[in-house]
Amino acid sequence: MLPDPLGALQGAVTPGVALQDVEDISDAVLLQAQWSGAMPVHRAVEVPGTVDDPAGLLPPDACVRLDQRADNWRAVLADVAGAIVHLRVRWGITRVSLVGAERAPVEALVDQLAAAARAVVALPDGTVRMRFWSSGLQEPKSSARTVTSPSWDEVVPNYARATGVAVTTLTSMTGLADRSGRLVLWHGAPGTGKTTAVRALSRAWAPWCDTHYVTDPEQLFSNSQYLLEVAGGDEDDDESTGKWRLIVAEDCDECLRTDAAQRAGASLGRLLNLCDGILGHGLRVVVLLTTNEDLGGLHPAITRPGRCLSAVEFTPLSPPEAQAWLGPDSPAPSGQVTLAELFAIREERALPAGRTLREVGGYL
């Protein structure tokens, strides 16, 4: 018969848990089961994506103890085959936690439930799931969200030929174990389509690589604990699943300029250490940085031979390329033109007073 941590909690001392909300009860149950020594084995895994009915993941012989639901989270606590299972859905992530008496059954059950969760959260075509990170007030925070993502074949006609060829080489990769360089550097003027290419690359790599998008890159490289958290430096989840992490940080101009080492102290060093130093050793991590800076304005350590897996310049389209994109009914400008500018021309958008076509930017 399973121990009854719910009953044991009444009057029991449970270390480190303050029962201030019903959401705390499930954590306290698992902690009490471990604290008492009855269930010394604990395993947990996170599955990006939302399971609408966590109880539906449980096997038929499960006995549900708690079924909790609120506006932004839901959780189920259940007895399953000699273990206590806690399923929680919050911030776009489904977390599976188990405690039990023996390692083999606990690990088999956590694998079974995680596989069931992954099947439920399978993505529709044309989307990719990304993990979004922020530094938080006390510790790094993350949430998962499904993002609409085009295939690269759909959008490659929007790019200058040289850019398209370079990104096509990246999207066709099916792994990085046999390749040197863990830094992908995309540079070019605003409006040349870097953000759209990020989404397309994330979709192309999704079968073997999870995308982690950093919302505050200046904090990422200045805070070593934040960097390790995003890179998975204190976890073995990526190793067990075999998947890589693509860490995306956009608009990193301040971190990459020639004077970055003087202005940002150790930030640049941490970035480089993650890409090809001891910090990144053993991690399945590749870092993608975008910048509006010209390559000549970047710190030379960023672009030294062997460091970059790929360095791609996103250039405006030439007049012939722009004309082919617009079609015969819309005359193209005489000079080079960015993708954002082409959309403005095609949609016949009026520009604000005093603005020229060249000033049109935007995240594309």
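None of the figures in this text is laboratory data; all of them are computed from the coordinates on show. Note that the structure is predicted; figures quoted are calculated from it, not measured. In this analysis, Cβ positions are derived from the backbone assuming ideal geometry, glycine residues included, and neighbour counts consider all displayed protein chains.
Would you mind putting 308-319, 103-114 in packing order, based on average other-beta-carbon counts within 10 Å, highest first? The partial results should precede the final answer.
On the way: 308-319: 19.4, 103-114: 16.5.
Result, highest mean Cβ count within 10 Å first: 308-319, 103-114.
With the cut-off at under 12 Å, measuring from each backbone N in segment 19-49 to a point 7 Å along the Cα-to-Cβ line of residue 73 picks out 20-28. Normalised Debye scattering of segment 48-207 at q = 0.15 Å⁻¹ gives log10 I(q)/I(0) of -0.93, counting only Cα atoms as equal scatterers and leaving out solvent. By the count of other C-beta atoms within 10 Å, a proxy for reagent exposure, 43, 203 are ordered fewest to most as 43, 203.
Taking other C-beta atoms within 10 Å as the exposure proxy, 212, 86 rank 86, 212 from fewest upward.
Pairs of Cα atoms nearer than 8 Å and 6+ residues apart set the relative contact order; for segment 5-120 it is 26 percent. Comparing 38, 26, 60 along the charge dipole axis of segment 5-120, the residue lying farthest to the positive side is 38, per the Cβ-charge model. Sorting 173, 39 by the number of Cβ atoms found within 10 Å of their own Cβ, with the fewest placed first, yields 173, 39.
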